[in-house]
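Just so it is clear, none of the values below were taken in a lab; they were calculated from the coordinates. As the structure is a computational prediction, the values presented were derived from the model and not from experiment. Ideal geometry is used to build each Cβ from the backbone, glycine not excepted, and the neighbour counts take in all protein chains shown.
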Amino acid sequence: MNKITPQPGIMDITLYQGGAAHVNGVENVVKLSSNENPLGPCDKAIEAFRRAAYDLHRYPSSDHAPLRAAIGAVLGLDPERIICGAGSDEIIAFLCQAYAGPDTEVVHTEHGFGMYRINALAAGATPVEVAERERVTDVDALLAACTEKTRLVFMANPNNPTGTMIGAAEVARLAAGLPEQALLVLDGAYAEYVEGYDGGAALVDARDNVIMTRTFSKIYGLGGLRVGWGYGPQHVLDVLNRVRGPFNVSQAALNAAEAAIRDTAYVDHCRTENARWRGWMADALAEIGVPSDVSCTNFVLARFASADEAEACNEHLKSQGLLVRPVSSYNLPNCLRITVGDESSCRRVVHAVRQFK
Ligand code: PMP
């Protein structure tokens, strides 16, 4: 019998199954399963990425100063309190490594992003799932779930995979009501899709128990490069920087992200296009009997009459070369999460769902 065993909790983690970008025997496949920007990154980000090719023998910047300065300048944040990671996934991992552990609890919403639970389990902590109210984050339920063991409370706003969002006053009420040893993690992966929204930055500045995480994988179109960041109180940054490896983000990724955040006109363009086709697709689906909640993101959570119907529709979409995301692992078996693609992808989705119906 093998005596080499992982720590308790690890085998409770489900292996990631998604990500395929092809269907056997089907042409013109379009991937609408990972909430990527169909327009890709801006040209300046691609140029900046290419420049890194001349220095591949060098380790990347270890303090990420130019990228932190650019984020700070564009968004009006203190660069000293920004940390960059290999995707916001890595910031979530740092938080769990540094703050969670055996005999602690990590609270997250019922339909919350899967990496919260995975990183909590990997740190030996107990994940605590909190029910939502009609697919909307329930602040009272989150507060009620906190105990003296709670170290981290994760909530995405807007949320994935529901697409819904709660207001700033509600988030502030959550932060103010947490037990004193708990840190609120406001995941703003989709924040840029909400015009004028700061992702919770003002709340971070106002308190010492809130950190915001952000990503370059969504509106900036750089999912393939893996860059994300966090903005938090100084005492949290002092902790997270101790668990961060010195060369955790590649130079190509740092270059591209810096160019991407500076190109605010391109971000505005992507937000406008997304809103246009999101609205069109959601309305057209509703007309054929597939409703969804108002989405504040770059995807629509389409609701079917039953889990069987959602599964059958997923198979039909797949046969038409349309890859969307079943979300039964998020306890939403009657839903399909559909990324807002470009005009032609949105039209293909609606056409295929109409055929199916
Ligand atoms: N948070 C949420 C809510 C997400 O949906 C995602 C990506 N799907 C992430 C974090 C992680 O993004 P990344 O690691 O690419 O920055």
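Packing here is the average count of other Cβ atoms within 10 Å per residue, and on that basis the peptides 117-126, 273-282, highest first, run 117-126, 273-282.
In loop segments of the stretch 152-219 as defined by DSSP, the GluC sites (Glu not before Pro) with at most 12 further C-beta atoms inside 10 Å of their C-beta are Glu180, Glu195.
Measuring how big the chain is from its alpha-carbon positions, Rg and Dmax come out at 20.3, 60 Å.
Relative contact order, whole percent, for the stretch 1-106 stands at 10, derived from Cα pairs under 8 Å and 6 or more residues apart. Contact order for the chain, expressed relative to its length and based on alpha carbon pairs under 8 Å spaced 6+ residues apart, stands at 24 percent.
Shape summary of the stretch 30-86, radius of gyration then Dmax from alpha carbon positions: 14.6, 40 Å. Taking Lys and Arg as +1 and Asp and Glu as -1, the other residues whose beta-carbon sits under 11 Å from that of Ser88 total 0. A dipole drawn for the stretch 1-115 from +1 and -1 charges on Cβ atoms has a positive end, and of Ile4, Pro79, Asn28 the residue lying farthest that way is Asn28.
Can you tell me how much longer the chain between Ile10 and Leu75 gets when fully stretched, taken as 0.36 nm per residue apart minus their C-alpha distance, in nm with one decimal?
Details: separation 65, 0.36 × 65 = 23.40 nm, distance 3.78 nm.
So the extension gain works out to 19.6 nm.
Residues of the stretch 70-87 falling in the label zone of Gln234, defined by backbone nitrogen less than 17 Å from a point 7 Å along Cα to beta-carbon, are 77-83.
Scoring 171-177, 105-111, 93-99, 225-231 by mean Cβ neighbours within 10 Å over their residues and listing the highest first yields 225-231, 105-111, 93-99, 171-177.
Residue separation times 0.36 nm, minus the C-alpha to C-alpha distance between Ser344 and Glu180: what's the value?
54.0 nm
Taking a point 7 Å out from the Cα of Val243 in the direction of its Cβ, the residues of the stretch 142-167 whose backbone N falls within less than 16 Å of it are 150-155. Rounded to the nearest 20 debye, the dipole magnitude of the chain is 760 debye, with +1 charges on Lys and Arg beta carbons, -1 on Asp and Glu beta carbons, and the Cα centre as origin.
This model, with +1 at the C-beta of Lys and Arg and -1 at the C-beta of Asp and Glu, gives the stretch 148-267 a dipole about its Cα centre of some 360 debye. Positive-end ranking of Ile338, Val194, Ile166 along the dipole of the chain, with charges on Cβ about the Cα centre, is headed by Ile338. In terms of the mean number of neighbouring beta-carbon atoms within 10 Å, the peptides 238-251, 147-160 order highest first as 147-160, 238-251. Remark: the Cα gyration tensor places the stretch 253-357 in the prolate category, a/c being 1.5 or greater and a/b exceeding b/c. Rounded to the nearest Hz, the phi-derived 3J(HN,Hα) couplings of the stretch 329-334 under the Karplus curve 6.51 cos²θ - 1.76 cosθ + 1.60 (θ = phi - 60°) are 5, 9, 6, 10, x, 9, where x marks glycine and proline.
Taking a ≥ b ≥ c as the square roots of the eigenvalues of the alpha-carbon gyration tensor, the stretch 126-283 is classed oblate because a/c is 1.5 or more while a/b is no larger than b/c.
Determine the percent antiparallel among the DSSP beta bridges restricted to the stretch 1-153, to the nearest 5.
If I count the DSSP bridges inside the stretch 1-153, around 10 percent turn out antiparallel.
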